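Below: the structure, in structure tokens.
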Amino acid sequence: MPETSPRPAPPEPAADTRTGPLTGPRGARSVGIVGAGQLARMMLGPAIELDLTTIVLATDPAESAAAVAARVRPGRHDDEQAVRDLAADVEVITFDHEHVPTEILERIQREGTTAVRPGPAALVHAQDKLVMRERLSALGHPCPRWWRISTGDDLAAALETAGGRLVVKTPRGGYDAHGVRIIEQADQAEDWLAEHGELLAEELVPFTRELSAQVARRPGGEATAYPVVQSVQKDGVCYEVVAPAPGIDHSAQQRIQALALAIAEDLDVTGMLAVELFETPEGEVLVNELAMRPHNTGHWSMDGAVTGQFEQHLRAVADQPLGSTAPLAPTAVMVNLLGGTAEDLAPGAHAALAADPALKIHLYGKSVRPGRKIGHVTLIGEDAADLLARAHRAERLIVDGPESLTDPLTPGEPR
């Protein structure tokens, strides 16, 4: 059947970025996923294709992954017995989020019957921002200036050194702009200091844009890197991604990929690692945060790369050979669907698919709340501006309903 619009020619094959041994014993066949959010949900399709048995640990049967998974075990991520029961039924456990208490994972790992990937010694760097800053700084990786804050006097001194403004973060538990404040006076963070005991303070970096470098690594050291992407935030939540980052030259691409691969090796990461970065006006990069799991900035790869990040994460944690990260087109874009006025997403999704047959929609099966991540769309092609315009048009159709656009595309019209 002929395509409704011409498929863009794929880019020149990317150089193989894999490092380390490419062979090893047959990998695991069963994986337990702690957490049942949308990341776990999007692992399920690739797991079926890889013939991996998966069990999801969910706090609620209505959670995104629990609603569609073949096997679901009820329980909380911070309930040691629940995590142990999951581990007893699989060869490997991995994570939908980083919030599992480190000590639970350390005890399971010491017993040696179930692999924990990434291991707790690596995962703590994504769980605790102070631990991450200390370790990366000790290794010589580029970071913003930062301070460990234990008292109000510490914070006042850091503010003075930083020129009167600071970014203050809770060491644990923050995500999607939660646990982050910009302050100009020490008393603006005294409630957090009383609650958490310690805080991370960082200079307010005058960055030109945010980048993300994703890599995957197997237990034996085989690793590979995806193209470096540009991300845009909306109210602290990842909103759009362009891959590769516009205007990034080959040398910068390789340099940033090498940084992410080095961090993965230094921290002994197994699975996907996302290194979120600030690009400065001088063209340098500073590490902002780490995530040791599939990440929002990698959703483009589901439809825009030979091997999407969810399949790649499963290959890595199951100790199977990693897949190619080569892009399928010169440009891929991803736009997050953040809850809007439409409670029923089906009419808008139908209209968006009818208007743009090249569009890919991924819905998470979550109830709609304003600003909540409820899905994402992707497109691949040649022109980033055109792709983003189409993706945002689809976004509006889905989150606000077909009536939100007064100039909807003609069905079948690609742009």
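Read-outs throughout are calculated quantities, based only on the coordinates presented, and are distinct from any laboratory measurement. Source: prediction; values computed, not measured. Here the Cβ positions follow ideal geometry from the backbone for every residue, glycine too, while neighbour counts run over all protein chains shown.
Between the amide H of VAL72 and those of VAL56, distances stay under 5 Å, these residues lying 5 or more places away or on another chain, with hydrogens modeled in the peptide plane.
Extension gain for HIS99-VAL68 works out to 8.9 nm (0.36 nm per residue, less the C-alpha to C-alpha distance).
Of HIS313, HIS99, the sequence from fewest to most neighbouring Cβ atoms within 10 angstrom is HIS99, HIS313.
Once divided by 2.2 N^0.38 Å, the Cα radius of gyration of the range 64-134 becomes 1.14. Per-residue packing, averaged as other Cβ atoms within 10 Å, sorts the ranges 388-395, 250-257, 29-36 into the order 29-36, 388-395, 250-257, beginning with the highest. Under the convention that each Lys and Arg Cβ holds +1 and each Asp and Glu Cβ holds -1, the size of the dipole of the chain around its Cα centre is about 880 debye. Sorting ARG396, ARG372 from the fewest to the most surrounding beta carbons within 10 angstrom yields ARG372, ARG396. Taking N as the number of residues in the range 297-415, what is its alpha-carbon radius of gyration divided by 2.2 N^0.38 Å? Relative to the rule-of-thumb radius for its length, the range 297-415 sits at 1.13.
Working note: 222 nm ellipticity from helices only, DSSP H runs with n ≥ 4, each -39,500 (n - 2.57), summed and divided by the residues of the chain, gives -9000 deg cm²/dmol to the nearest 500.
Short-range pairs are left out: with C-alpha atoms under 8 Å and at least six residues apart, the relative contact order of the chain is 15 percent.
As a rough footprinting exposure proxy, the listed residues ILE149, ILE183 were ranked by other beta carbons within 10 Å of their own, and the order from fewest upward is ILE183, ILE149. Placing +1 on each Lys and Arg Cβ and -1 on each Asp and Glu Cβ, with no other charges, gives the range 331-404 a dipole about its Cα centre of roughly 340 debye. Geometric descriptor of the chain, per residue, is 155 Å³ (volume of the convex hull of the Cα atoms). Distance from the Cα centroid of the range 262-301 to that of the range 93-127 is 19 Å (rounded to whole angstrom). In the range 145-203, one over the average inverse separation of all distinct C-alpha pairs is 11.0 Å, which is the Kirkwood hydrodynamic radius.
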